[in-house]
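Data block below; observations after.
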Amino acid sequence: MATQAIPLGEEKAIFRVCPVTRLRVDLAAERMIIANATAAVVFLLVGGIMGLLLALTRWEAIHLLPATWYYRLVTAHGFNMLVAWIVFFEAAGLYFGSTVLLNARLVSPRAAQAAFALMLLGALLVNAIVLAGHADVMFTAYVPLKAHPLFYLGVILFALGALTAVVLFFANVFVARLEGRYAGSVPLVVFGLATAAIIATYTLLSGAVAFIPAFFWSLGWLRTYDPGFYRNLFWGFGHPAQQINLAAMVAVWYALAAITVGATPINEKLCRLAFVLYILFINLGAAHHLLVDPGLSFAWKMFNTSYAMYLAVLGSLIHAFSIPAAVEVALRRQGYQRGLFEWLRRAPWQEPGFAALVVSMILFGWLGGVSGVIIGTEQLNMQFHNTLAVPGHFHATVVGGTTLAFMGLTYYLIPLIFRRELRWKRLATWQPYVFGLGMLLLILGFLTSGTLGVPRRHWGVFTTPAIFSTLIPEPARLTLAISGIGGVIAAIGGAMFVLVVLSSVLTGTVQEARSLRLVLADPADPPEATEITHVEPRGTFLIVLAFLAFFILVYFRNWWLLGVRGWLVH
Amino acid sequence: MEKERMPLGQAIFDELFLLFLLSLIISLILYNVWGLLDLLRTPLLPP
C-alpha cells in the first residue's frame, strides 16, 4: 500500500547513517537513548549493591545488616531495581524502537529531555528520602504505613516522566507513518515495544491514581485512605509494571536472536497474536497479589487469575516456542543440520548477546513462568502467599529474565549507539553465565525457602526476638545459605557487566560500529553451504515438549503438596 | 494500479490505538471496577 509522505518539520532533525545496519539515526534521539541507558546502568549499580547487602543479611549465618537498615534497603532496592533501572532502560528502548528502527526522528527532543529530568528527579527524591530514614515502607508502601510526602511525590514525578516518554513513543510512531518512514505494519520488535508502551500507559495511570491520594493523605489533606482500595489501585501499577518488562524483554529477545544468529520468526502473525494476548489480558494477572485479601469475591479472584491470566500465559508459551524455533531455523540454514541438536551445539555461545538470550529465556520460562502460574492459582497460592517463594518468582522473571536480556542488548548498543569499542570482550562473554548461575542459585534458594514457610521481607527468621517458636524448619538455614551464595555470585556477574559497560563508555575507543556481532565478527562458517527452502525446528519441538512435561510435573507436585501439608488452622 | 488489500487481522493489529483502548477498557472493568465494587459491598465493622 502506498503511503503519502507528509514532512512535518523533519528538516530540523540531524541524522547519521549507521554503517552496519544502514539505519538512519536521529542524533537527538541518540542522545536521549544514551542518557536513559546510562541512568539505567547507574541505578542498576546502586540497586545491585543494595541487593548484595540484603542477600548477605537473609543468609542467616552472616546476617549483615541491622533490622532498620535491612527494611530501608529493601525499600530502596525494590524501587531502584523494579522501577528506576528497568524504566530508564525501557525509555531508551522506546526511543530506539520508535526512531532508529523506523528510520524516523524524535518528534520533540525537548519533551524527551523533560521526561528524563522528571524521572531523574523523582528517582533521586525517592532514594534520598528512603536513605534518610523517612520512608521505611518497602516497595509496596501499603497504606496505612505512612511515608514522608516527598516519597510519594518522587514516585509521582517519576511516573509523570515515564508517561511523557511513552506518549513520545506513540507520537514518534505516528509521525513516522505520516512522513512515510514505514508502510504497512511496524517491525515485530517495534510491535513488542508498542505492546510495552500500551501496558505502560495503564500502569502509570494506575500508579498516579494510587499514589496521588496517598500523597494527599501523607500531607494530612485526606483523613483516611482505605487500604483495600489502595491495594487494588497499587497492584494495577505494581504488577503491570513488570508486564511492561515482559513485553519489552520479549521484544529484546527477538532483537538478540536477529543480531546474533540472523533469526527471523517462522510465523510472524503468531508472534504478533502473542503480543496482542499480552495487551488484552496480562494486566488482569495483578489480581494474584490480592488472592488472600478479604472483601474481594471468589469470582473476581478466580476469573482474573485462573482464566484471563492464562490467555496471557498462552502468549508467553507462543514466544517460548517461536524464538528458539527461529534460532534453530536460522542456524540450520547456515548448514548445522545434523541430528536434532547440532544447531544448538554449534550456536555462538561466546557471543554475549546469544548467551544472555538463552540464559534469560531459561531462567524466565522454566523458573519464573512455571512458578508464576503456580502462585497465580488461587488454591496453590495459599502455600506461597507472602513467603520467600514470591521474590523467588519475580527474581526469575525480572532479574534472571528481563535484566539479563537488557544487559545482553546493552553490549550491542555500545558500538551501535554510543559509538565506542566494546572493552573487556572476554569478560562480556562470561558475564551472562556468571550472572545467570548466581541468579539460578538465588532463585532456587528463595523458592525452596518459601516452600518451607520462610516469610518474604523478613529481617531474620531464626533470630526473631519473639518468645514463641518461629516454626521454620532447620533445613531453611541451608536454602537461605544457597540463596545468599547465589546473591554473591550474581553481584559478581553484575559487577562484570557494569565494569564492561562503564569502561567501554568512558574509555573505549571512539569509532563507528564495524559488525553486528561483538566477539564473533561474522557468522561462523557453515560446514556445507546448501540451499534449504524448508526447515523444520525439530529440536525446538523436543525442547518445548520437555518444558511442558516439566511444567505439568511441578504444577501437579504442588497440588500434591497442598494435600499433604499440615495446616495450622485453629 | 490494483489496490493491495491488507488482511483484516493485520489491519486490526496495526491499529495501536484500538488495541490501547481495548487494553484499557478490559483492565478497568474486570480488574478495577469489579474489584472496587466488591470492596464497596463489604459491610463495615460496626463501631
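A short reminder: the numbers here are calculations on the coordinates, not readings from a lab. In this text, all values refer to a predicted model and were calculated from it rather than measured experimentally. Reconstructed Cβ throughout: ideal geometry from the backbone, glycine too, with neighbour counts over all protein chains shown.
Odds and ends about this structure:
- Put simply, of A:L296, A:L284, A:L331, A:L314 the only residue that is surrounded by fewer than 22 Cβ atoms within 10 Å (Cβ to Cβ) and either out of contact with any Cys (no Cβ under 6 Å at 6 or more places or on another chain) or of a type in the set (G, A, S) (or both) is A:L314.
- For A:G228, the conditions (1) over 24 Å from A:L193 (Cα atoms); (2) more than 11 Å from chain B (Cβ to nearest Cβ); (3) part of a helix (DSSP H, G or I) are fulfilled apart from (2).
- When the stretch A:13-49 is filtered for residues that are of a type in the set (V, I, T) and farther than 18 Å from A:Y95 by Cα, the ones remaining, listed by number, are A:V20, A:V42, A:V46, A:I49.
- In the stretch A:403-422, residue farthest from A:L516 (Cα to Cα) [restricted to those that are in contact with a Ser or Thr (Cβ under 6 Å, 6 or more places away or on another chain) and part of a helix (DSSP H, G or I)]: A:L404
- Which listed residue, of A:A76, A:A92, A:A123, A:A84, is free of Cβ contacts under 8 Å to residues at least 60 places away in the same chain and either part of a helix (DSSP H, G or I) or over 25 Å from the mean Cα position of the chain (by Cα) (or both): A:A76
Conditions tested, residue by residue: (1) of a type in the set (A, V, I, L, M); (2) surrounded by fewer than 23 Cβ atoms within 10 Å (Cβ to Cβ); (3) under 24 Å from A:G438 (Cβ atoms).
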| position | (1), (2), (3) |
| --- | --- |
| A:F341 | no, yes, no |
| A:E351 | no, no, yes |
| A:A355 | yes, no, yes |
| A:M361 | yes, no, yes |
| A:N386 | no, yes, no |
| A:H393 | no, no, yes |
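- Residue check, A:A196 part of a helix (DSSP H, G or I), within 13 Å of chain B (Cβ to nearest Cβ), in contact with an Asp or Glu (Cβ under 7 Å, 6 or more places away or on another chain) and not β-branched (V, I, T): yes
- Single match in A:F174, A:F169, A:F191 (criterion: within 11 Å of another protein chain (Cβ to nearest Cβ) and free of Cβ contacts under 8 Å to residues at least 12 places away in the same chain): A:F174
- Scan of the stretch A:480-517 for residues that are polar (S, T, N, Q) and more than 29 Å from A:A257 (Cβ to Cβ), ordered by number: A:S483, A:T507
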